[in-house]
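This report concerns only the one structure given below.
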């Protein structure tokens, strides 16, 4: 593989990796509020700015609501714009999430996935990512620190693309990725990235010589057409996202695709998972394969837009699908990822047996023993939902 | 793959130790992961941290359950055997901080090593910060990374005088650690 | 833009057009069109959710001839912070253009739900002008009381009830809150005094040129519908508010307070109250005590301002 | 909305309005019950009505005398009330 940018291998935690990516993207405006487990990101970026290494405006806002509000303003004004948050912070931004995507901004947000209160908890659940799932943001899930770095750079390129123009969230599991140090390869300097990610050329940006009215009031006579247009545009983004994946591969030597499969093609049982647990599941599946179990793992790098066709295609002939949700959707037919997978299969005429596994809430460590519990559950045809690793 | 579990108290550099070890391994071209365990801990509370080192990609992301090596940074934690010995395998080794290593006893029959990190820290750093001497001891006993790699990691983490004295502590820890019989 | 003494010095060109759906007699447009003229050069407007926002941008129409941004209700100051930061960094790094940022928010969006984002932006010192047009209730949703609603006023959530005759609390002193941030320049403006208003906008424009923001204006914005008065009385009410000393017209320039309209012989507050349906119940004998409270409030407010104006600088 | 598209494919992206000032297409004069009539003999060119009109419905002529733009005038009566020489009368629509 021909790599263009000069790269170095070093050890960073996930937050530092994201901060480096934003720094290497030569971001113009950072608008953020501290919240565990994301805080390291904004601390590192503050250092880059305060030490004069990054020419950017760091808006140290007074709340996450204002963090995203200011980011919307900055993005509309043409700046490459970054923010980061987690959990309650994302919840406080919620109102503006929809506005940011509907106004077709190009904000990139790192989300250090963390459980919602109460009880207050600082560790990993996917509550926050799921809460944003309908908001019109492209969502990537990083499995490791390398991916957190790469996907942040990819997210800028995707979100600012004239064929896309939707904001992105890069999810990284709180503590498991945000605070763990791993080896990764990053570009040596922000200069190295320019060829892949040139300065932003904003479309329809705020400009006194072109007075546009952003965010008007639209009533029933037009609202639906505006939403239909947004829906069509959003749903067509994966084509461009895949192209950007390829461009990044050419540039960095690291390849990405909307979903990752291990042994899925001939599997009887497939585990579907998001985030850092994918690696643990691959390790388990390799072990089980040696025992003759026909098992596989499917993990999603692209969570929104949900790659329905690819997921249905990959899973259509699988007997039992275990969909792992690191969150609970109270009162709904299943967890959030479970509903996505079920709907995707249904859309393509498949009615496989699905089991919903709820795991790892609030940072409960997902251990090999819990993986064994899930495999065991697949043997009992009556089981449709299990909470793995819960006492009682 | 080698799995290390660190025991210390908040403020003693338990997390930093694990991080330095992982970084040292990464500088050698190995794969490594440092996993801190975070709670609401404040200065003084018992904390754990984990390091995995391997020649192959590490994909698992859970905390270390069955460590090959346990490092006890704070000597007072030795009293909590159920915590220190949890999940140990028959051939796991324990490296602990002890003010009188030659009179120390192996822990519950496990292969044990002791180093007087307290005095090393007080003599070199002037404050009871034991962690760099303890990482030195770990490397001295096991050789899982080269001492030079660890020193590189220390130098990148600290600057100036702080780096120098911590490297001194690492070297003394590596040299002075002894097997407890 | 230069200061004026006569209204014929105001340029003709409008940047805020007709065809909007603000109510007949609305007090907001006289201020908005003046702001857009007196703040010279390129400019961008940020608008909180409010009457002005919904009535001037009913899709697919807009009454604005300048770039105009609406994000949400409580975040106009934060949105402006982002735009201003982007403008600054793009001027340094790339092909940026310089423009002045004017924020418009109502009393609900400023006194209440938007106070936090306003405070944050004022503390961070972004270079913009924020104008709170205060029509003293949530008029956009149909006249509910806000932190800007004055004592005794009847709204749909502080009705003139048999037991509680209108809003029991005094109006929040927004200017004091703003001044606590040590903003370089803050002023109250009133449509009955258009020359004063113009000259303050012109002064604001100069401060913005010198990156000496943030600047804050508190505008008295008559609302015939919400105040239940004849549409022709908007300016009359505004004038009476000043002449009864209820609405002092003053400015705080780098800490120095100047009362711009000296009211030596105040008119009785009853003259102000009687033309507005929202206060009519106060004129009944059983509500005399409320009027007395209002009078005490006006007097203490005015006297305090006089004392502050005697100080060299309150910063 | 003379020229504004109606199909979703044709709308400007992001729900923006990219025709500045196009609310001029909305003739708010139809809201009016009473209409202002100006007696220019009494007009002293103070321009208060021009400054106060919420609807830019007072046209300021080159000579600084004023006229009413009945396409947009909502008939609020501020101009008549504020006119220092009582040069403006509010009369019923259709009457003069």
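The values are calculated or read from the model by the stated rules, or taken from the named source; none is laboratory data. Here the structure is a predicted model, which is why all the values come from computation and not from measurement. Note that we place each Cβ from the backbone using ideal geometry, even for glycine, and neighbour counts take in every protein chain shown.
Here are the numbers for the structure shown:
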| item | result |
| --- | --- |
| Matching residues, region B:124-159, being more than 23 Å from residue B:26 (Cβ to Cβ) and out of contact with any helix residue (DSSP H, G or I) (no Cβ under 6 Å at 6 or more places or on another chain) | B:126, B:127 |
| Residue C:14 being out of contact with any strand residue (DSSP E or B) (no Cβ under 8 Å at 6 or more places or on another chain) and either over 28 Å from residue D:62 (Cβ atoms) or facing another protein chain (nearest Cβ under 9 Å) (or both) | yes |
| Hits in region C:47-77 (condition: in a strand (DSSP E or B), within 7 Å of another protein chain (Cβ to nearest Cβ) and crowded, with 24+ Cβ neighbours inside 10 Å) | C:64, C:68, C:69, C:70 |
| Test: residue in region A:102-112 that is surrounded by fewer than 21 Cβ atoms within 10 Å (Cβ to Cβ) and closer than 16 Å to residue A:71 by Cα | yes |
| Boolean, residue A:92 is in a helix (DSSP H, G or I) and either at pLDDT below 95 or farther than 21 Å from residue A:200 by Cβ (or both) | yes |
| Subset of region C:17-30 that is touching a helix residue (DSSP H, G or I) at 6+ places or on another chain (Cβ under 7 Å) and assigned to a helix (DSSP H, G or I) - its residue that is farthest from the other protein chains (Cβ to nearest Cβ) | C:28 |
| Qualifying residue in region C:94-101 (condition: buried (at least 24 other Cβ atoms within 10 Å of the Cβ), more than 10 Å from chain A (Cβ to nearest Cβ) and in contact with a helix residue (DSSP H, G or I) (Cβ under 6 Å, 6 or more places away or on another chain)) | no |
| Any chance residue D:71 is out of contact with any strand residue (DSSP E or B) (no Cβ under 6 Å at 6 or more places or on another chain), farther than 22 Å from residue C:233 by Cβ and exposed (fewer than 15 other Cβ atoms within 10 Å of the Cβ) | no |
| Test: residue B:177 is closer than 19 Å to residue B:106 by Cα, surrounded by 23 or more Cβ atoms within 10 Å (Cβ to Cβ) and in contact with a strand residue (DSSP E or B) (Cβ under 9 Å, 6 or more places away or on another chain) | yes |
| Region B:125-148, residues that are surrounded by fewer than 20 Cβ atoms within 10 Å (Cβ to Cβ) and modelled with pLDDT of 95 or more | B:142, B:143, B:146, B:147, B:148 |
| Test set (1) touching a residue at least 60 places away in the same chain (Cβ under 8 Å); (2) surrounded by 22 or more Cβ atoms within 10 Å (Cβ to Cβ) - residue B:30 fails condition number | (2) |
| Among the candidates B:102, B:112, residue that is over 20 Å from residue B:13 (Cα atoms), in contact with a strand residue (DSSP E or B) (Cβ under 9 Å, 6 or more places away or on another chain) and part of a strand (DSSP E or B) | B:112 |
| Scan of region B:25-48 for residues that are at pLDDT 95 or above and either under 13 Å from the mean Cα position of the chain (by Cα) or on the phi > 0 side of the Ramachandran plot (or both), ordered by number | B:29, B:34 |
| Residue B:87 vs. criteria part of a loop (DSSP other than H, G, I, E, B) and closer than 26 Å to residue B:119 by Cα | no |
| Matching residues in region C:255-274 - criterion: being out of contact with any strand residue (DSSP E or B) (no Cβ under 7 Å at 6 or more places or on another chain) and either under 24 Å from residue C:179 (Cβ atoms) or surrounded by 17 or more Cβ atoms within 10 Å (Cβ to Cβ) (or both) | C:255, C:256, C:261, C:262, C:263, C:266, C:269, C:272, C:273 |
| Options B:89, B:81, B:156: the member that is surrounded by fewer than 20 Cβ atoms within 10 Å (Cβ to Cβ) and modelled with pLDDT of 95 or more | B:89 |
| Wholly enclosed helices (runs of 4 or more DSSP H) of region A:5-76 bearing at least 2 residues away from chain C (no Cβ under 14 Å) and farther than 23 Å from residue A:198 by Cα | A:14-24, A:39-50 |
| Unmet criterion (only one of (1) more than 14 Å from chain C (Cβ to nearest Cβ); (2) in a strand (DSSP E or B)) for residue A:82 | (1) |
| Where residue A:140 falls short, out of the listed (1) in contact with a helix residue (DSSP H, G or I) (Cβ under 6 Å, 6 or more places away or on another chain); (2) under 19 Å from residue A:258 (Cβ atoms); (3) assigned to a loop (DSSP other than H, G, I, E, B) | (3) |
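Conditions (1) at pLDDT below 95; (2) buried (at least 19 other Cβ atoms within 10 Å of the Cβ); (3) assigned to a loop (DSSP other than H, G, I, E, B), marked per residue:
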residue: C:149; (1), (2), (3): no, yes, yes
residue: C:153; (1), (2), (3): no, yes, yes
residue: C:163; (1), (2), (3): no, no, yes
residue: C:167; (1), (2), (3): no, yes, yes
residue: C:171; (1), (2), (3): no, yes, yes
residue: C:178; (1), (2), (3): no, yes, no
residue: C:181; (1), (2), (3): no, no, yes
residue: C:187; (1), (2), (3): no, yes, no
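For (1) under 18 Å from the mean Cα position of the chain (by Cα); (2) within 14 Å of another protein chain (Cβ to nearest Cβ); (3) closer than 14 Å to residue C:186 by Cα; (4) surrounded by fewer than 19 Cβ atoms within 10 Å (Cβ to Cβ), each residue gets a yes or a no:
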residue	(1), (2), (3), (4)
C:205	yes, no, yes, no
C:223	yes, yes, no, no
C:281	no, no, no, no
C:293	no, no, no, yes
C:302	no, no, no, yes
C:311	no, no, no, yes
